[in-house]
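Here's the structure, in structure tokens; my notes come after.
Where a number appears in this text, it was derived from the coordinates with a stated rule and is not lab data. Computed from a predicted model, the values in this text were never measured in an experiment. With ideal geometry, Cβ positions are generated from the backbone for all residues, glycine too; neighbour counts draw on all protein chains shown.
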Amino acid sequence: MIIKTAVVILNWNGKSFLERFLPLLIERTPGAEIIIADNASSDDSVEFMKTNFPQIRLIINDKNYGFAGGYNMALKQVEADYYVLLNSDIEVDHNWLEPLVEALERNPDAAACQPKIIDYHRREYFEYAGASGGFIDKNGFPFCRGRIFSTLEKDHGQYDDEIEIFWASGACMLVRAKIYHELGGLDDDFFAHMEEIDFCWRLLNAGKKVLVVPQSRVFHIGGGTLPKKSSRKTYLNFRNNYLLLYKNLPSNKIFPILTKRLFLDWIAVVVFVFQGHFGDAMAVAKAQRHFYFSFKKHRHKREGMTSFSRSHIYNRSIILSYHLRRKRTFDKLVAEKFLR
């Protein structure tokens, strides 16, 4: 059987990244279809593609639908067995795709996977957005194997084993196309940030597995669309985290966990104010206000769900483990505290 894989880059004003990384992607990705989906860029990305890469299929969205909506619009038009969602600011390594496809072929219960994601500028370190596989703690705070909060570990092979994880990074994620569409793809309401965590949690709720495959490696710049220090990014991360929890937690956990999160995030507001980050403080307050007035709108997203997975959730507070117990690297976390 011939396996068809489509590598789809969602581009928004990323001409400079396409210039830098697309030639390498073409060279190092034989046998797969490469597609650029443009999310209504205002730079000359589309003309650049038409002039310099006429052989590459170009899908043009009529407006900026965000990361989630942009991919959903594009992937409706792509027929393949596997999709790779790939950020434009990524350099792929040699033989990066084959290990990912092989991993899902060997594991029929697995629906998605990610490679090891390395910092493009500091290649001995993991990169923030995914590292060697994503997890969340009991309060919904995400972290990675190789990155907890702002602490990035050096990669010396300590996380080179293929394991089940809670979420795969949207920076580079391979997913079975059929299951992507069966689950409705990414949630458009997230727009950007944490939509892949929500998608992977829905995979787990559906009884599927998510893997990290460190035999595949890519190098990520990060912050290509929004700067790492951005009040807009702060707003999206906090707002989407509340929606993530509301959609995917079992009914008896929603109120206590969300109440705790909202309280903890007001502490974050105070910290931001003392640090002089007033834009971030306002962003958190705005995110909470949005959630208060919109969660009823999302109630239908829980309808029909009969299973709520808590597999691979760290059953402690990562904040306390990191700040009070001084567990700054993933290997210091107690393995038995990850739910199975």
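Points worth noting:
- Net charge dipole size for the stretch 193-340 [Lys, Arg +1 and Asp, Glu -1 on Cβ; Debye, nearest 20]: 180 debye
- Close amide H partners of residue 211, meaning residues 5 or more places away or on another chain with modelled amide H under 5 Å apart, are 112, 113, 114, 165.
- Mean separation of Cα contacts under 8 Å, 6 or more apart, over the residue count of the chain: relative contact order %: 18 percent
- Under 20 Å between alpha carbons - lysine pairs in the stretch 5-220 that sit 8 or more apart or on different chains: 10
- Computed about the Cα centre, the dipole magnitude for the stretch 5-220 is approximately 100 debye when only Lys and Arg (+1) and Asp and Glu (-1) carry charge, each at its Cβ.
- Positive contributions from Lys and Arg (+1) and negative ones from Asp and Glu (-1), summed over other residues with Cβ under 13 Å from the Cβ of residue 257, come out at +4.
- Candidates 100, 262, 203: whichever shows maximal mean-square fluctuation once the chain is modelled as a Gaussian network with Cα springs under 10 Å: 262
- Vicinal HN-Hα couplings computed from phi for the stretch 294-303 (Karplus, 6.51 cos²θ - 1.76 cosθ + 1.60; Hz; Gly/Pro x): 10, 5, 5, 4, 9, 4, 5, 6, 8, 5
- 3J(HN,Hα) couplings calculated from phi for the stretch 170-183 with the Karplus curve 6.51 cos²θ - 1.76 cosθ + 1.60 (θ = phi - 60°) are, in sequence order, x, 5, 7, 9, 9, 9, 5, 4, 4, 6, 3, 6, 4, 8 Hz; Gly and Pro show x.
- Residue 59 long-range amide H proximity, modeled H, under 5 Å: 36, 37, 38
- Burial ordering of 94, 312, fewest other beta-carbon atoms within 10 Å first: 94, 312
- Tensor-based shape of the stretch 70-118 (alpha-carbon gyration tensor, a/c under 1.5 rounded, otherwise prolate or oblate): oblate
- Charge tally for residue 48 (other residues, Cβ to Cβ under 9 Å; Lys, Arg +1; Asp, Glu -1): -2.
- Annotation note: GluC sites (Glu not before Pro) in the stretch 53-135 located in DSSP loop regions with a Cβ neighbour count of at most 13 within 10 Å are 79, 124.
- Here the contact order of the stretch 231-312, divided by its residue count and restricted to Cα pairs under 8 Å and six or more residues apart, works out to 45 percent.
- For the chain, DSSP calls about 45 percent of its internal beta bridges antiparallel.
- Fluctuation leader among 26, 148, 90 - the chain, Gaussian network, Cα springs under 10 angstrom: 26
- 0 to 90° range, to nearest 10: angle between helix 251-275 axis and the chain longest Cα axis: 90 degrees
- Relative pair counts by distance (%), Cα atoms of the stretch 231-312, 5 Å bins: 3, 14, 24, 23, 16, 11, 6, 3, 1
- Cα pair distances of the chain binned at 10 Å [whole percent]: 5, 26, 36, 25, 8, 0
- Formal net charge of residues neighbouring residue 97 (Cβ-Cβ distance under 14 Å; K, R +1; D, E -1): -4
- The amide H of residue 338, built 1.01 Å from its N in the peptide plane, has 315 as neighbours under 5 Å, considering only residues 5 or more places off or on other chains.
- For the stretch 104-142, the set of trypsin sites (Lys or Arg not before Pro) satisfying both a DSSP loop assignment and a count of at most 15 other C-beta atoms within 10 Å is given as 122, 123.
- Using the Karplus relation 6.51 cos²θ - 1.76 cosθ + 1.60 with θ = phi - 60°, the per-residue 3J(HN,Hα) values for the stretch 63-69 come to 7, 7, 8, x, 5, 5, x Hz, with x marking Gly and Pro.
- Choice from 207, 133, 170 with maximal GNM fluctuation in the chain (Cα, 10 Å cutoff): 207
- GluC sites (Glu not before Pro) lying in DSSP loop within the stretch 131-192, provided at most 14 other Cβ fall within 10 Å: none
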